[in-house]
Amino acid sequence: MSVTCEAGVSDGWQHRNRSTSVSSPGSAGRPSVTNASPPRDPARRVGTGAASPRVPTSRRIGHHAGCGTIDPVPYTTTDGGVKLSYQIRGEGPALVLLQGQANDHRWWDPVRDDFATAHRTITLDYRGTGDSDKPDEPYTTRGFAADVVAVLDELGVERAHVYGTSMGGRVAQWLAADHPGRVGALVLGCSSPGGAHGVERDNDVRRALAQPDREAAARALLELMYTPAWLAAHPGPYRTTGDPAMPAHARRRHLAASAGHDAWDVLPSIAAPTLVMHGTDDVFNPAANAPLLAGHIPGAELRLIEGARHAYFEEFREVASPLVLEFLASRPLPSR
């Protein structure tokens with residue numbers, strides 16, 4: 001198996017990227033991985049998402065993050081009556097950004113501008129998070145994918161690139177499998193196929209996160225997301241450790257949704273050009289899941305970021321963001 005490891009630096013964009021090629025023999029039973037590059041109103045759909053979005057038919061009032069002022073918060077309502085808030089920034093081809101479990105769209109705040117300079121970025125608050133409704137009913141990653149489609153329909157976006165990280169990568173798998181016509185290129189970051197074929201975190205990690213000392217557990221989570229050196233230089237706030245306003249029932253529902261994910265059987269049906277990314281030092285969602293995904297999705301590329309943990313996209317943004325942008329730019333969305 002041949003994989004590409006991207007050597008990262010964590011102290012700014014001014015450093016130049018380094019790439020090293022690492023080869024290792026394929027393991028028995030493991031697929032080989034190649035790095036070869038290779039609506040509600042249909043008349044209003046925008047294939048690239050480059051045009052200004054149509055004015056949403058539904059709005060409610062919410063608090064603007066961080067300043068306490070009142071701003072209109074756009075949302076759409078699913079067929080089941082659940083209100084989903086969404087956010088748009090930038091201009092260009094549409095790019096959906098999907099965050100991790102129990103997090104709202106602020107997960108992307110530290111790096112969103114990397115993509116909004118070239119793309120019309122679309123985020124949403126999953127049901128149970130942010131300004132979206134929080135019904136106490138079962139959630140699934142497949143259901144979250146259907147929610148993404150509801151937002152795209154509301155915006156009149158026929159097809160978009162999709163970049164999902166952590167549980168967002170699990171949602172993105174279903175989005176590409178169930179709604180192939182809505183996905184241009186696909187990026188799966190620090191994700192897993194789930195089920196019997198996924199590689200689970202070990203018991204030491206589980207114990208660290210479940211310890212009774214909640215302050216110690218919170219610190220353990222941070223150390224799974226970021227390297228100690230980065231944490232020492234960046235005291236927070238951190239956007240990747242969960243939506244603090246989530247009710248307890250929604251947290252449980254999100255945990256069950258992520259734990260119940262199993263897309264192994266549908267991965268070979270994914271036709272979207274796919275890039276799989278992962279930090280080599282990720283034990284929160286073990287890096288061994290990356291070659292599993294890349295080997296089971298036809299033509300997928302694999303990029304490993306050397307030394308990165310689960311939040312590779314933030315700490316190693318000067319490596320990760322350009323890789324994603326380059327991949328998307330080489331696979332333009334169709335004009336319709």
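The values are calculated or read from the model by the stated rules, or taken from the named source; none is laboratory data. All of these numbers come straight from a predicted model, not from anything done at the bench. In this analysis, Cβ positions are derived from the backbone assuming ideal geometry, glycine residues included, and neighbour counts consider all displayed protein chains. Only protein heavy atoms, including side chains, enter the accessible area calculation; ligands, DNA and RNA are left aside. Shrake-Rupley method; radii C 1.70, N 1.55, O 1.52, S 1.80 Å.
Could you tell me whether Thr140 is of a type in the set (S, T, N, Q) and closer than 15 Å to Gly260 by Cβ? Taking the combined requirement at face value, the residue satisfies it. Close contacts from segment 209-220, counting a first residue that is open to solvent by 50 Å² or more (accessible area, probe 1.4 Å) and a second that is aliphatic (A, V, I, L, M), with Cβ to Cβ under 6 Å and a gap of 6+ residues or different chains, come to Gln211/Ala217. For segment 146-175, the tally of residues that are open to solvent by less than 10 Å² (accessible area, probe 1.4 Å), in a loop (DSSP other than H, G, I, E, B) and within 16 Å of His105 (Cα to Cα) stands at 0. Among the conditions (1) open to solvent by 40 Å² or more (accessible area, probe 1.4 Å); (2) over 27 Å from Asp265 (Cα atoms), the only one that Arg201 does not satisfy is (2).
Hey, among the residues in segment 52-102 that are in a strand (DSSP E or B), of a type in the set (A, V, I, L, M) and modelled with pLDDT of 95 or more, which one's nearest to the chain's Cα centre (by Cα)?
Step one: list which residues in segment 52-102 are in a strand (DSSP E or B), which gives 59-63, 70-77, 83-89, 94-98.
When the remaining residues are screened for being of a type in the set (A, V, I, L, M), the result is 61, 70, 73, 84, 88, 94-98.
Applying the additional criterion that residues be modelled with pLDDT of 95 or more yields 84, 88, 94-98.
Values: Leu84: 17, Ile88: 16, Ala94: 15, Leu95: 11, Val96: 9, Leu97: 6, Leu98: 4 Å.
Among them, the one singled out is Leu98.
In the set (1) open to solvent by less than 10 Å² (accessible area, probe 1.4 Å); (2) closer than 23 Å to Glu154 by Cα; (3) assigned to a helix (DSSP H, G or I), Gly181 fails one condition alone, (1).
Counting residues in segment 126-138 that are open to solvent by 20 Å² or more (accessible area, probe 1.4 Å), within 20 Å of Val187 (Cα to Cα) and touching a helix residue (DSSP H, G or I) at 6+ places or on another chain (Cβ under 8 Å) gives zero.
Buried (at least 24 other Cβ atoms within 10 Å of the Cβ), touching a helix residue (DSSP H, G or I) at 6+ places or on another chain (Cβ under 7 Å) and either closer than 20 Å to Val73 by Cα or of a type in the set (Lys, Arg) (or both): does that describe Thr121? Yes; evaluated as a whole, the condition is true for this residue.
At least 2 residues that are open to solvent by 10 Å² or more (accessible area, probe 1.4 Å) in each: list the helices (runs of 4 or more DSSP H) lying fully within segment 222-336 that qualify. If you could, list the steps in order and put the result at the bottom.
Numbers: elements: 228-233, 248-259, 289-296, 312-315, 317-329.
In segment 222-336, 228-233, 248-259, 289-296, 317-329 are the helices (runs of 4 or more DSSP H) which contain 2 or more residues that are open to solvent by 10 Å² or more (accessible area, probe 1.4 Å).
Quick check on my filter: what residues within segment 186-205 are under 20 Å from Leu292 (Cβ atoms) and outside any loop (DSSP other than H, G, I, E, B)? If you could, list the steps in order and put the result at the bottom.
Here is the first cut: in segment 186-205, the residues under 20 Å from Leu292 (Cβ atoms) are 186-202, 205.
Listed by number, the residues that qualify are Leu186, Val187, Leu188, Gly189, Gly194, Gly195, Ala196, His197, Val205.
Tally time: how many residues in segment 221-253 are hydrophobic (A, V, I, L, M, F, W, C) and in contact with a Lys or Arg (Cβ under 7 Å, 6 or more places away or on another chain)? Walk me through it before giving the result.
Within segment 221-253, the first condition is being hydrophobic (A, V, I, L, M, F, W, C), and the residues that meet it are 221-222, 224-225, 229-233, 245-246, 248, 250.
Restricting the remaining residues to those that are in contact with a Lys or Arg (Cβ under 7 Å, 6 or more places away or on another chain) gives 224-225, 250.
Qualifying residue count for the region: 3.
Taken together, the residues in segment 183-200 that are small (Gly, Ala, Ser) and within 13 Å of Pro286 (Cβ to Cβ) amount to 4.
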